[in-house]
1. Normalised by the residues of the stretch 5-84, what does the relative contact order come to in percent, with Cα pairs under 8 Å and at least six apart?
2. Counting other beta carbons within 10 Å of each Cβ, put 36, 47 in order, fewest first.
3. Which ordering of 77, 12 is given by a fewest-first count of other beta-carbon atoms within 10 Å?
4. By count of other Cβ within 10 Å, fewest leading, how are 43, 7 ordered?
5. Length gain on complete extension for the stretch residue 38 to residue 55, per 0.36 nm per residue less the alpha carbon to alpha carbon distance?
6. Rounded to the nearest 500 deg cm²/dmol, what is the calculated helix-only ellipticity per residue at 222 nm for the chain, with -39500 (n - 2.57) per DSSP H run of length n ≥ 4?
């Protein structure tokens, strides 16, 4: 069964560890694990970042059924949950 949430996390080597920690916090506090995560290093894959309109890192893209949703405040766990439509437990 495919994951409910498909996510792309755009990072640089300096931001990847913190960005992952913030994202895992936003999801794990809710015991939420129905997601698929791709990490894109914008220095190694600048074209992917350009196509996704990424202007800063870390940035998260939720590939929603109605279209992609850009979440630039990865450190704000409430903003991440709200963008994903996940209610606080």
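Computed from the coordinates by the stated procedures, all read-outs in this text should not be read as laboratory data. Note that the structure is a prediction, hence the values are computed from the model and not measured. All Cβ positions, glycine included, derive from the backbone under ideal geometry; neighbour counts span all protein chains shown.
1. 41 percent
2. The fewest-first ordering by Cβ neighbours comes to 47, 36.
3. So the residues, fewest neighbours to most, are 12, 77.
4. 43, 7
5. Working it through step by step, the gained length comes to 4.3 nm.
6. For the chain, the value works out to -8500 deg cm²/dmol.
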